[in-house]
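The values are calculated or read from the model by the stated rules, or taken from the named source; none is laboratory data. Since we're looking at a predicted model, the values are computed, not measured. Quick reminder, even Gly has a Cβ in these numbers, built from the backbone with ideal geometry, and neighbours come from all protein chains shown. Areas reflect the complete protein model, heavy atoms only, side chains present, ligands, DNA and RNA absent. Shrake-Rupley method; radii C 1.70, N 1.55, O 1.52, S 1.80 Å.
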Amino acid sequence: GVIMKKLLLLLVLVVIAMPAQAGFRPTEENTVVTLDKVFKMPDDSYVTIIGNIVKQVGKEKYLVKSGNSTIVVEIDDALLWNIDVTPKNQVKITGEVERDFRSVELDASKIEIIK
């Protein structure tokens, strides 16, 4: 009936509105941006930055220096499982901007060592 159709429509809309965690992503994610840009981006934007992991500042939280700025990046242990990274290594981190009223962090979905 009508109620069923409305529910289905609602479900479809909810699915469309959810950010995709995998699969195709628009190319902007692969464009490396500076932290100045990251700090201005809306919550849940996908970005890629290049920098150095300076130190661990909490459980799965790391301070990353990029250019003259730093940002806290949440990196799941699983992402660091099979790589050996030091503050000397330059890394490329792709993730989602996590913005709240007092801070901007990055939630990493991919990390690779450049050098």
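In this structure, does residue 114 turn out to be open to solvent by 60 Å² or more (accessible area, probe 1.4 Å) and closer than 12 Å to residue 49 by Cα?
For residue 114, the condition - open to solvent by 60 Å² or more (accessible area, probe 1.4 Å) and closer than 12 Å to residue 49 by Cα - is met.
This table checks each residue for (1) surrounded by 10 or more Cβ atoms within 10 Å (Cβ to Cβ); (2) at pLDDT below 90; (3) outside any helix (DSSP H, G or I); (4) touching an Asp or Glu at 6+ places or on another chain (Cβ under 9 Å).
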site	(1), (2), (3), (4)
10	yes, yes, no, no
36	yes, no, no, no
48	yes, no, yes, yes
51	yes, no, yes, no
54	yes, no, yes, no
65	yes, no, yes, no
72	yes, no, yes, yes
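Looking at the range 101-111 only, could you name the residues that are within 14 Å of the chain's Cα centre (by Cα) and exposed (fewer than 14 other Cβ atoms within 10 Å of the Cβ)?
Of the residues in the range 101-111, the ones within 14 Å of the chain's Cα centre (by Cα) are 104-111.
Across the range 101-111, the qualifying residue is only 110.
Can you find even one residue in the range 75-89 that is of a type outside the set (D, E, K, R), closer than 19 Å to residue 31 by Cα, touching a residue at least 24 places away in the same chain (Cβ under 8 Å) and open to solvent by less than 60 Å² (accessible area, probe 1.4 Å)? Even if it seems obvious, please write down each step before you answer.
The initial filter retains those residues of the range 75-89 that are of a type outside the set (D, E, K, R), namely 75, 78-83, 85-87, 89.
Imposing the further condition that a residue be closer than 19 Å to residue 31 by Cα reduces the set to none.
Checked the range 75-89: no residue is of a type outside the set (D, E, K, R), closer than 19 Å to residue 31 by Cα, touching a residue at least 24 places away in the same chain (Cβ under 8 Å) and open to solvent by less than 60 Å² (accessible area, probe 1.4 Å).
Of all residues in the range 90-100, which are touching an Asp or Glu at 6+ places or on another chain (Cβ under 6 Å) and open to solvent by 40 Å² or more (accessible area, probe 1.4 Å)?
Listed by number, the residues that qualify are 92, 98, 99.
When you scan the range 75-108, how many residues do you find that are polar (S, T, N, Q) and closer than 17 Å to residue 56 by Cα? Walk me through it before giving the result.
Of all residues in the range 75-108, those polar (S, T, N, Q) come to 82, 86, 89-90, 94, 103.
Imposing the further condition that a residue be closer than 17 Å to residue 56 by Cα reduces the set to 86, 89-90.
The qualifying residues number 3.
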